[in-house]
Every structure is written in C-alpha cells, then in structure tokens.
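Colleague: I'd like to ask you about the structure that follows.
The values are calculated or read from the model by the stated rules, or taken from the named source; none is laboratory data. Fair warning: this is a prediction, and the values are worked out from it, not measured in the lab. Cβ placement follows ideal geometry from the backbone for every residue including glycine, while neighbour counts extend to all protein chains displayed.
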Amino acid sequence: MSLILIVLLPFLGSLVAACLPTNARNFEAWWAGLVALGCLALNISLYPAMADAEGPLRAVVSWWPEIGLELIFRMDGLAWLFSTLVSGIAVLVVVYARYYLDPADPVARFFSFLLAFMGAMLGVVLSGNLIQLALFWELTSLTSFMLIAYWYHRADARRGARMSFTVTATGGLCLLVGLVMLGRMAGSYDLDVVLARGDLIKAHDWYLPTLVLVALGALTKSAQFPFHFWLPRAMAAPTPVSAFLHSATMVKAGVFLLMRLWPVLAGTEEWVWLIGGAGLITLLLGAFLAIFQQDLKGLLAYSTISHLGLITLLLGMGSPLGLVAAVFHTLNHATFKASLFMSAGIIDHETGTRDLRVLGGLRQLMPVTATLAMVAAAAMAGVPLLNGFLSKEMFFAETVDWASHWPLPLAATLAGLFSVTYSLRFIVEVFFRKRHPELPKTPHEPPYWMRFPVELLVLMCLLVGMLPAFTVGPFLHHAVTAVLGSQAPTYSLSLWHGINPALVMSCVALVGGVLLYTAMELRRPLGQRPHEPLLHRFDGQRLFEQILWGLTSLAGRLSGRLSRAGLQAQLRALVIVVLIAAVLPSLRGLVEVREPSAPIDPLFAVLWLIGAICALATAWMAKYHRLAALALLGGTGLVVCMTFMWFSAPDLALTQLVVEVVTTVLILLGLRWLPRRLPPSVFGLRPSLRDRLRRGRDLIIALVAGSGMALLAYLVLVRPDPESIARFFLERALPEGGGTNVVNVILVDFRGFDTFGEITVLGIVALTVYALLRRFRPAQESLLLPQQANDPPDLTPEEMAEHGPLLVPGLFMRALMPVLMVVAVYLLMRGHNLPGGGFVAGLTMSVAIILQYMVGGTRWVEANLPIRPHRWVRTGLLLAGVTGLGSWVLGYPFLTSYSPHPVLPILGEVPLPSAFWFDLGVFSLVVGATVLMLIALGHQSVRGHRGVIKQQQVEQQSEQRGAIRWN
C-alpha cells in the first residue's frame, strides 16, 4: 500500500493545490511541502523492507485480470534511490519556491503542476510494467511542458515549452513502440519477467530496432546529442523548476531508463556504439559550449548536458564498474546541480539579472551565498574532498581500463578540463570580478529559508566527499545490486587509492582548466565574450524550427490539395480512399464463398429495386427540388426499414424508422442554409461537357461504392463455415443478462462498455454542434430566397407555425405528444425482453418534441415545454456511469449486470435488471442530444429569418426615402 501511496499522493495533492486560492502563498507552500515530505517519509520507511528483501517489493492493483491488465509498482535499490532523490529534492524545491515566486504569480497553479510533475517521475521510477512506465513517461513530458510555460506571457517560455515537449514526446512515442517490442520478445510486459530474459532478448532479431527505439526515448529525455538543444531553451522556466528538472526529474528519467534496462540491452557492440557514442559527443559538446555562455542558467544548463553525457558514456561502456560510477555520479550531480541552480536563482532574485557580463563583486555583498555557490561549483569541477571528485575519478579510472580505446581517456581529461573552466567562470565572474555599475538592483542576502535548501545540499556535497562509504555506501550498494544482481563488482569508496592514472587525469584537468580560463581572460576585451569557435553556426534550435516550418509548409500544401471549400470534394476523396483500402480484403473474400442457402425472393428484389430507384431519383432531384429529393431519400430509408423487418430484425427496423423521422426534420431545418436553387429554366438547358463529366465521375464513384458495400454484405452472409458468435449470445442472454431481447442485452450488458463509449461520443457531438451553431451566422443569400415559379416554398419553423392550420392539424399534433411519450416509456420498459430499448425510446421521445417544434415554432415550445437538453445529457451520462461503478464497487467488473426477480404483492414476480438504469441513461442522453441539436438548428433558422426580414425592411425603407428625395 505504501508503494501505491508514494505515486498517488502527489497527484491527489496536485488536485487539491489546484483548488486552493491563488493568494494564499504560505498555505499552498505548506500543502505542497507536506505532500512531498509525506512521499519522502514513505520512501524512508520502506528502506528496511527493501534492504532485507531478496527481491523487489511489489504492489499489484488488478484492473482487468482476464487480459492481464494490472498496475504494478515495484521498489528495489535503484528505484528506492531515485524515488528518495525525487521526493527529497522536491521538499527543498518547495521551500525554495515559497520565497522565490512573486506574490503576483499564480502560486496554486505552480505547486499543482510541480506535484503532478513529481508524481509522474515517481511513477516512472516505481513502475513494474512496461506500458505503465511509458504512460508515466509521457506524463513527465506533459507536466514539464506546463511548468516550463508557467510564465506563458513570455514568448521564450512558450517557445521553450513547445520545443521541449515536441522533442521529448516524440522520443516517448518511439519508446512506447520499443517497449511494446521488448514485451513481445520477452513474452510479458511485467518488468521482472523482462529483466530475467536478457539473453533471449539480445539474441532476438528485433534486438537492434528495439535498442534504437528505446535509445531514442532515453536520449531525447536526457538531452543527449543530437537532441540536446531543447534543454537550454527550457531555462525560461522559473528557477525552482530548473533546479528540480536538472537535478532529480525529467533529464534523469533517461539515464534511469538506461540503468533499468541495462541487464536486458547492455553488453553488445550496438549498445556501446549507440549509447556510448552519444554520451561521448554530448560530454565534450556540452562542456565546450558551457564555457561561452553569457546567461548564468545557460551555463548551468550546458553543464548539465555535459554531465548527463558523462553518465550516458559510463552506461554505454557496458562494464559493471561503469554502471557503479554512473549511479554514483547521478547522485552527486543531483546535489551540486540543485544547489547551483538555487544559488543562480538567488543571484537573479537579488540582483535582477543573470547576465555574466553584468554580474560581479557579489562576494562582499552576499558572502554566505557566495561561499555556498563556490563550494557547489567546486564539486561540479571535481575538486578533491567534494562528492564530484570521487565519481569523476571513478569515471577517469573506467576510461583508462579501456586500453584498446586510447582516445577515450584523452577525451575524458579534456571534458574534465572544460568543466573546471566553466566552473571558474561561474565563481570568478559572479563573485570576484569588479561589480558592474549597471547592476539592476543592489543585492543582499536572501531570507534564511530561501538559502536553507542550498545549505543542506552543499553540506551533503561535503559529507559525501569526505565520508562516502558512511553516507552513501549502503544506498549505492543496494542500487547496484538491484541492477547487476550477483554480477555486482567489488569497488571502493575510499578517498585515497594511491597515485594512479585516474589521479593524474584529475590533476591535469584541474590545472589545465585554470590555465585555459586564464588564457581566455587575457585574450578577450573586458566585458565581451566571442561566439564559441567552430560551433556558433550550428544551432540546434534553428535546425529544429526549420524542420517544424518545413513540416508545417508540407502540411499546408497537402491540405490545400486534398481539401476544398466544398464538402463534396472531401467526401469524394474519403470514399475513394476507403474503396482502395477495401479492395484487397473483398477480393480475397470473394474467392472463399459458399452457395446461398436460399433463393432470392422476387418480392424482396422488387422492394430493393424500389429503394434503388428512390436513391437514384434523390441524387437527380437534389439539385432542382430539395423537398422532393428529401421525400425520395425517405423512401430509400423505408425500404431499408422493411428489409430489417424481412430478415426478422424488429429492433433495427423500429430504430431505422424513428431515425428516418428525426433526420428528415433536421435536414428540413438545414435546407434553409443551402445556396440558391437553379431556376426551372435549367431543365431546358444543355449542361456543359465539364458538368457532364463531373456528374459521370460522381456516378461511377457512387456505383462502385454502393456495389462494394453490397458485395461486402453478401460475402458476410455467404462466408464458408462461419464461426458465428450468435449462439453464444442466444444461450447466455436470459440466464446471464436477464433478458430475452438478445439485441438489447448485448447493448446494455455484454457490450455495455462499447455502448457507454458511444453515448459519450453522441453527447460530445451534440454539445459540439450546439457550440458551433451558437457562433454561426448563415449567409443572408441562403435564407428566405425568392421562390421560383412552380417551386413549392421551403418554410421555416416560424412560417410553419404561422400557416399551421393550413398545412398541419396543429391541435392534433400537440395532442399526439402524450401518446408518443407513453409509447416511448413503453418501448423503454419492455426493451430488455421485447423489441425496444433506451435508444429507440429516446428517439421516439425526441420525435414527440420535434413535432411540437414543427407545429408551434421555437418560441412556442420554449414557452410551453421548458426542456433543458444539457441536463438530459448530463443525467444520461451520470446514470450510465453510476450503473457501471455500482458493480465495480461491489467487486465485479465495470458494468456487470445483476437481474433479481423479486415477488411483489399483486404484481407477482417482477424482473428488475440493473441494466435498466443503464438503458435509462441511454434514453436520457439520446433525448438530450437530439433535442440539443434541434434547438441549435431551430434557433439559427429563426435568427436567419429575423435577420433577412429586418434587412428587407431596411432596404424597402431606404428605397422609399430615395424615391421621396428624387421626387
């Protein structure tokens, strides 16, 4: 339970923080700090059990056991180290952010995003399932996007957030594919099973593509070459976010993944070249570019890239000692980099700038902060008696062991030299150089609790540097053992190993870094800094933006070619694509057919001939006489309805009949928006060649599409030896679903989850139509157009209400509403055992309301039938969801049906299936969605009617005034 709480607590805390008032800064900070502190306490409490257990601690939440869908949380030494690091630094970041953020900032939103970010990272670290890990992996990208874009009023924050999300989310998609392939190779997505089958995976044909995909996910997240450019642009985030992101989260997720999958993927030549090569280039490139940065956080960002490259290179070597050094340096880097970013935030907060050309002389004005920052920078440079020196010396020793790769020690020494140089820049130019007269603010020491996290982290740098075996030795041992198991090597954390090549390399790096910085200072003019040599033209951000621009331009050109202003062209392209995609399966199925079991009935053939004639006549008349075309289209629908009756499908026939009524009315309301019809004289005109070719093309497409659908239906009916599932439902509908109407039992019980998704989509569509039509204003030329001779008028609902006594017996239609409501309730109540159900009952109820719109108009119905369709939609979804949750609460799968048969007085035995409430939800949502779309269409017709009438009146008055003036 504690494992689940560690991941769940930050997300719950994030929801609560989002609801807190934005001006209660102290309370929000206290809340976020307590949540992070609670996660840290849970981690610490689990350490004895983790250390004593023979295997990882596991917590499993069964979601869908039949298909193996489970949430698995596991904790071993590596996961414990990272989760403790994440939650511990989160506590310090929250304390620091309390004093860093301005009271005008939306603090509640900041802490809400920060806690969600923390929860996502903890989910990555503690996931015991590959797909679950990929889910939390993407959550880290999403939450980091929100944190980087926290100051969204700044353009650089928006650009940096988009860039980081695009790069890391794209890598996350590659990782998802790689993890799916990894699970398929291992035969399970359980992480313990996958880690135990490393030899099988390495020998598989899919190993190389899987390695590439996983590497893309890890390298993009950890800002490794060539994806390193996004990390410096993320410095637009608030400094607490930068400190958290660079030290314990986000970028550390990539190296954690490489450590986690090290037993499965490491140890091959492909691993060495891919992971080790990317790490080596990133190590040198990041260190070199850090030397020339003018922004204080930019310098630290490129140093992070370099140190991540160092860790990646150690992992890429594939040796056990390399893994030990990588884990150790990950821990050390987190402490000194978090303290450095917080120090940079204090400097920015107190001076108003991060520009190294302006900063200077802060040692006298901020002596405590200066001392802390200098110690942390010395740890970053690898100065003895600090934690960075120990792990960097282990790195040097490991490169020396690669005797066959002699350039590697040279590159490692050069990178160490660069790290000393940019660390000296940080120390000298901020604290020792003469204070610049243009400093925006007069600096002073920050509040104590703002500096306290830095003090604690610097103290850890000193303690680990001087007492490594005592402070981090046990934790490092458990982390290494969790990855390597019995293959864990013997290593020493003592301060002195004698004079060896690693010590010589450290000394060369320290001395060479000092000399390089001194030479650069002597060669440059005061207050100036040249571009980085050789590399200033290679800007990853520029390349990224060019790629995005190219993709956007390509999408625009494709969209311009594939989409047109008219809907017909888009529908035509869609139909053609579907036809092409369906050709091969249909041709293959055409070969494998059996003889029809019964001859074609002549009466049925005549029925379908009538339907075909109505369909063709609809296409012909649509251009000249829309009402007639609509009536013919209804004839085709009636033929389909009779077809369902012919094949003993009364449920479908009843539904089709009601759908025809509803759609006919909705189309009638939409006819008012269509452009002007051609005059009757067009019947006597000879169409142009281009018009005839276009019609012929559309006719051929329609015939092919219709024939294809007919062929598909025929192949389904005559497929050889069909393995139909009909028998399954027929046998279980009554005993397990509690109803004899198999169709309805399938919809509300066996496939209830599908139905729930469908009604959700229907509700979304209705709300979308309503929202779009609220802002839509039809063109005036498409409303109340002059009627042509011999062309019957198209009437709006208001006109139909005005002429109701002449067209429709209005009183009879209004009296019909109670009858239709009773029929709707009857169909709903009997739907579980006889033809009916919530969907057809809802449509019947909708027809009753639609008839009132037809005879009374929109205003009459609103005054006499106060229907609130939004509430119907909401109630329907709530009923359906609560029905499913009720079974879930009782320990059964979602939407499991229960069918009691109590014996009641007078009534006797009465079936009361729980699926009735689900069906009632379907009924309510169908009524609400249909009426909502009807109201949207009806109101637009009224608006258009009033607008055109008003325009016509204005024009008439203008003409009259002009005539008077002329006279």
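Colleague: Using beta carbons and a limit of 6 Å, which pairs, at least six apart or on different chains, have the first residue in the range 318-347 and more than 16 Å from ALA381 (Cβ to Cβ) and the second one outside any helix (DSSP H, G or I) and of a type in the set (Gly, Ala, Ser)?
Modeller: Correct list of pairs: GLY318/ALA266; GLY318/GLY267; ALA334/ALA248.
Colleague: If we keep just the residues of the range 186-211 that are within 27 Å of the chain's Cα centre (by Cα) and aliphatic (A, V, I, L, M), which is nearest to VAL125 (Cα to Cα)?
Modeller: That would be LEU191.
Colleague: Could you go through the range 363-370 and let me know if any residue there is in a helix (DSSP H, G or I), among the hydrophobic types (A, V, I, L, M, F, W, C) and surrounded by 24 or more Cβ atoms within 10 Å (Cβ to Cβ).
Modeller: No, the range 363-370 has no match at all.
Colleague: For the range 434-458, how many residues are in a helix (DSSP H, G or I) and free of Cβ contacts under 8 Å to residues at least 12 places away in the same chain?
Modeller: 1
Colleague: Among the candidates PHE894, PHE923, PHE918, which residue alone is assigned to a helix (DSSP H, G or I) and more than 22 Å from GLU660 (Cα to Cα)?
Modeller: Selected residue: PHE918, the only one of PHE894, PHE923, PHE918 that is assigned to a helix (DSSP H, G or I) and more than 22 Å from GLU660 (Cα to Cα).
Colleague: Please name all residue pairs, on different chains or six or more residues apart, with Cβ atoms under 8 Å, provided the first residue is in the range 287-300 and is modelled with pLDDT of 90 or more and among the aromatic types (Phe, Trp, Tyr) and the second residue is outside any loop (DSSP other than H, G, I, E, B) and surrounded by 21 or more Cβ atoms within 10 Å (Cβ to Cβ).
Modeller: PHE288/PHE418
Colleague: OK, next. List, please: which pairs have Cβ atoms under 6 Å, are six or more places apart or on different chains, and start with a residue in the range 599-610 that is in the same structural domain as TRP646 (by TED's automatic domain parsing) and end with one that is surrounded by 10 or more Cβ atoms within 10 Å (Cβ to Cβ) and of a type in the set (Lys, Arg)?
Modeller: none
Colleague: Something else: Scan the range 446-501 for residues that are β-branched (Val, Ile, Thr) and either modelled with pLDDT of 90 or more or within 16 Å of LEU321 (Cα to Cα) (or both) and jot them down.
Modeller: Of everything in the range 446-501, those that are β-branched (Val, Ile, Thr) and either modelled with pLDDT of 90 or more or within 16 Å of LEU321 (Cα to Cα) (or both) turn out to be VAL454, VAL458, VAL464, THR471, VAL472, VAL480, THR481, VAL483, THR490.
Colleague: Would you confirm whether or not the range 399-408 contains a residue that is touching a residue at least 40 places away in the same chain (Cβ under 8 Å) and of a type in the set (Gly, Ala, Ser)?
Modeller: Within the range 399-408, not a single residue is touching a residue at least 40 places away in the same chain (Cβ under 8 Å) and of a type in the set (Gly, Ala, Ser).
Colleague: Do we have any residue at all in the range 482-500 that's of a type in the set (Gly, Ala, Ser), over 19 Å from GLY55 (Cα atoms) and either surrounded by 15 or more Cβ atoms within 10 Å (Cβ to Cβ) or in the same structural domain as LEU390 (by TED's automatic domain parsing) (or both)?
Modeller: No, the range 482-500 has no match at all.
Colleague: Can you list residue pairs whose Cβ atoms sit under 6 Å apart, with the first residue in the range 31-43 being in the same structural domain as LEU9 (by TED's automatic domain parsing) and at negative phi and the second being in a helix (DSSP H, G or I) and hydroxyl-bearing (Ser, Thr, Tyr)? Count only pairs 6 or more apart in sequence or on different chains.
Modeller: Final answer for the pair search is ALA36/SER87; CYS39/SER87; LEU40/SER87; LEU42/SER2; ASN43/SER83; ASN43/THR84; ASN43/SER87.
Colleague: I've got another one for you. Please enumerate the residues belonging to the range 584-613 that are modelled with pLDDT of 70 or more and exposed (fewer than 11 other Cβ atoms within 10 Å of the Cβ).
Modeller: Once the filter is applied, which keeps residues that are modelled with pLDDT of 70 or more and exposed (fewer than 11 other Cβ atoms within 10 Å of the Cβ), the range 584-613 yields PRO599, ILE600, ASP601, PRO602, LEU603, ALA605, VAL606.
Colleague: Further question: Can you tell me which condition LEU20 does not meet? The list is (1) more than 30 Å from MET460 (Cβ to Cβ); (2) surrounded by 14 or more Cβ atoms within 10 Å (Cβ to Cβ); (3) under 24 Å from the mean Cα position of the chain (by Cα); (4) not basic (Lys, Arg), and all the others hold.
Modeller: Every listed condition holds for LEU20 apart from (3).
Colleague: Looking only at residues in the range 267-317 that are in a helix (DSSP H, G or I) and among the β-branched types (Val, Ile, Thr), which one is nearest to ALA376 (Cα to Cα)?
Modeller: Per the stated criteria, the residue is THR304.
Colleague: Next question, about the same structure. Going by the structure shown, is ALA733 under 30 Å from MET642 (Cβ atoms), under 36 Å from the mean Cα position of the chain (by Cα) and either assigned to a helix (DSSP H, G or I) or at pLDDT 80 or above (or both)?
Modeller: The answer is no for ALA733.
Colleague: While we're here: Looking only at the range 189-217, how many residues end up being among the small types (Gly, Ala, Ser) and surrounded by fewer than 16 Cβ atoms within 10 Å (Cβ to Cβ)?
Modeller: Looking only at that region, the number is 2.
Colleague: Have a look at PHE432, PHE475 and point out the one that is of a type outside the set (D, E, K, R) and either crowded, with 17+ Cβ neighbours inside 10 Å or closer than 18 Å to ALA379 by Cα (or both).
Modeller: PHE475
Colleague: Filter the range 136-168 for residues that are under 21 Å from ASP102 (Cβ atoms) and in contact with a Gly (Cβ under 8 Å, 6 or more places away or on another chain); which is surrounded by the most Cβ atoms within 10 Å (Cβ to Cβ)?
Modeller: ILE148
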